[in-house]
Amino acid sequence: MSARIFQKIKSSTSSGKGRLDMWFLEFERSEADRPDPLTGWAGSGDTRTQVRLSFPTLDDAKAYATREGIDAHVVMPPPNALKLQTYADNFR
């Protein structure tokens with residue numbers, strides 16, 4: 001059973017920073033999706049992909065994964081790079 005631990009990044013369409021300090025654990029797929037013969041929707045029998053656990057810190061997420069025997073890898077968020085420019089730079 002493998003999982004990834006990650007921190008959500010701020011959406012470009014949002015100015016809010018709520019819940020960006022939370023860390024999440026998501027299970028990775030153990031089987032591929034297949035089309036349903038009746039509806040054609042893609043799905044699988046793996047229900048663990050529907051589970052997302054949240055933790056206040058990275059250490060708490062790692063401790064949970066270790067305690068439950070989950071092989072988890074950490075995906076660090078990209079660094080925030082601010083592009084500072086003046087309004088006049090838009091017209092150069």
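Of all residues in the stretch 32-54, none satisfies the criterion of being acidic (D, E) and closer than 18 Å to Q7 by Cα. The single condition from (1) closer than 17 Å to I5 by Cα; (2) out of contact with any helix residue (DSSP H, G or I) (no Cβ under 8 Å at 6 or more places or on another chain) that F91 fails is (1). Residues considered: T66, T57. Of these, the only one that is surrounded by 10 or more Cβ atoms within 10 Å (Cβ to Cβ), over 17 Å from the mean Cα position of the chain (by Cα) and more than 20 Å from R29 (Cβ to Cβ) is T66. Selection of the stretch 55-88 for residues being closer than 12 Å to Q7 by Cα and among the small types (G, A, S) yields only A61.
Each reported figure results from applying straightforward, stated rules to the coordinates on display, with no laboratory input. Owing to the predicted nature of the structure, the values given are computational and were not obtained by experimental measurement. Virtual Cβ from ideal backbone geometry, glycine too; neighbours counted across all protein chains shown.
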